[in-house]
Amino acid sequence: MSRVCVAALALLLALAANAPAKSPVKLRPGDLAPQFSRSDLQGRPFDLRRGKVVLIDFWASWCAPCILAIPHLSQLQEKYRARGFQVVGLSMADSADTTRETMQKIRFNYPVLLGDAKLGNLYGGVLGLPLQILVGADGKILAIRSGEFPPNALDKEIAAALKKAGPG
């Protein structure tokens, strides 16, 4: 009897190991943004919660359009911080050391976290960079921009989201 149980367990484990990975669900404006919490590269906790307008910036050190957008994102963070706006950078495909080196060369005034495949899949599969997702105070996705786009592409949406959210 125990041999049967061991064989059945081995078969179940083999089937589970070969099961296809769950495909990421493509997110669209109007969907609830998946919540996550992680520590940033300074060790401070970051938690994507409702109540703030958040711009999630998926980037990498080797992505020229990503790097070009960072100064503008820092300006937005400075301009709208008091109104409840938060930029968060998710460094994809870079090590912590490489990300820290980039942060020493370029001024970031917002949290930078390490992204990974799990977090990328949570957000519909990050297949190209840059990718920016604007999340309203209610937690719903307001806009998604991917590929090369002008740094100020989301400025009007950010201002509208903050106006809708009310005083910060």
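The values are calculated or read from the model by the stated rules, or taken from the named source; none is laboratory data. In this text, all values refer to a predicted model and were calculated from it rather than measured experimentally. Cβ atoms come from the backbone with ideal geometry, glycine included; neighbour counts cover every protein chain shown.
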Enumeration of residues in the range 89-118 that are among the aliphatic types (A, V, I, L, M), at pLDDT 95 or above and assigned to a helix (DSSP H, G or I): 96, 103
Residue check, residue 77 under 17 Å from the mean Cα position of the chain (by Cα), modelled with pLDDT of 95 or more, assigned to a helix (DSSP H, G or I) and surrounded by 12 or more Cβ atoms within 10 Å (Cβ to Cβ): yes
Count - residues of the range 67-94 that are free of Cβ contacts under 8 Å to residues at least 12 places away in the same chain and farther than 15 Å from residue 106 by Cα: 2
Hits in the range 19-52 (condition: hydrophobic (A, V, I, L, M, F, W, C), under 22 Å from residue 141 (Cα atoms) and out of contact with any Lys or Arg (no Cβ under 8 Å at 6 or more places or on another chain)): 25, 27, 36, 48
Residue within the range 58-66 that is of a type in the set (S, T, N, Q), under 28 Å from residue 105 (Cβ atoms) and surrounded by 12 or more Cβ atoms within 10 Å (Cβ to Cβ) present: yes
Residue 112 vs. criteria aliphatic (A, V, I, L, M), under 11 Å from the mean Cα position of the chain (by Cα), more than 14 Å from residue 40 (Cβ to Cβ) and surrounded by 21 or more Cβ atoms within 10 Å (Cβ to Cβ): no
